[in-house]
Amino acid sequence: MKKLTYIFFLLAFMLASGCEKVSVIDPQLSYKEYTVVRAKLTADTYFDGVTFTKTLPVNEKYDITKAELKNVTAYLKIGVRIVPLHYTSKGVYMPLGRLYIYPDSTYELFAKVNNTSIYSMTKVPEKPKVTSAVFFNNTYLTANITTRQNEVYGATWDIYTLDRVIDEAPDFHQVVEQPDRFTTSISVRTLDLPVAYRSGSYDNMRYIRVYAFDSPYLKFFKTRNNNQPVSDVFSQGGDQVIWNVQGENTIGLFIGVAPGDYVKAK
């Protein structure tokens, strides 16, 4: 099993258990409670829920039993279909039955926390199409991809063999978008590979994986570090980070994503 299933959601969603800890925050910043909404809608998988929590005071150790919200009224709207969401545990709200996430489909989230209305909408991309992949300058990987409107793209390097990932990039180097509606192909690059993976012994194991996101992810990616010295973007603050969830004193991401295939770099 990969060390991190979705590298790009480490910063956005703090899914790894070790990330939900006390933030490193400038003590001069005053505490303000925010409702935190987080959900990823991954194409061609079953929906794994929306998490509703609240931020905790700066000096308080993170505790999901204190942060989770249990009395949220929430539902998804998919075209004319309404799918109520129900509390399960740890702030996660799920449909009563399994919900398959289809690519090229739009999902809306409606919720109410106390007297605050929350809304978000995302379109789930289709799996990105990679037309070529190159190990560039013996340093990083690049991929040319066929673009679609209202999608943005990031890529990770992966050391891949025997149908499993041995190692992978800790983040994206960039997230790119179609510059105009007439451009049909763009390039995206990864972070630099560690020196150890640049040798000839890894020539058959260097792969690139491109991820397509709904377009609002680009603004989040570009602004995610704006709120420094906050180290956990979901623990406190968020005024300077651009989220795609609307609501008074509410932050978070409700975002569609489509992981691509592992493509061997030449």
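Some values worked out for this structure:
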read-out	value
Of LYS222/LYS264; LYS32/LYS90; LYS127/LYS264; LYS40/LYS70, those spanning more than 24 Å from alpha-carbon to alpha-carbon	LYS222/LYS264
ASN115 versus GLN149: modelled label distance in nm, points set 7 Å from Cα along the beta carbon direction	4.2
Residues with amide H under 5 Å from that of ILE242, placed H, sequence gap 5 or more	THR223
Where labels lie 7 Å past Cα in the beta-carbon direction, separation of ILE64 and LYS219 in nm	3.0
Whole-Å distance, taken between Cα centres, linking region 251-265 and region 180-228	11
14 Å Cα-Cα reach of LYS266 towards aspartates and glutamates, excluding residues that sit fewer than 8 places from it in its own chain	ASP158, ASP203
Sites matching chymotrypsin sites (Phe, Trp or Tyr not before Pro) across region 117-203 that sit in DSSP coil, with at most 11 neighbouring C-beta atoms within 10 Å	PHE182
Partners for LYS54 among aspartates and glutamates (Cα-Cα distance below 14 Å; same-chain residues under 8 apart left out)	GLU20, GLU33, ASP63, GLU68, ASP232, GLU248
Dipole magnitude (debye, nearest 20) for region 129-212, charges at Cβ of Lys, Arg, Asp, Glu	200
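Since every read-out is calculated from the coordinates, none of them should be taken as a lab result. This structure is a prediction, so every number in the text was calculated from the model and none was measured. Cβ: placed from backbone, ideal geometry, glycine included. Neighbour counts: every protein chain shown.
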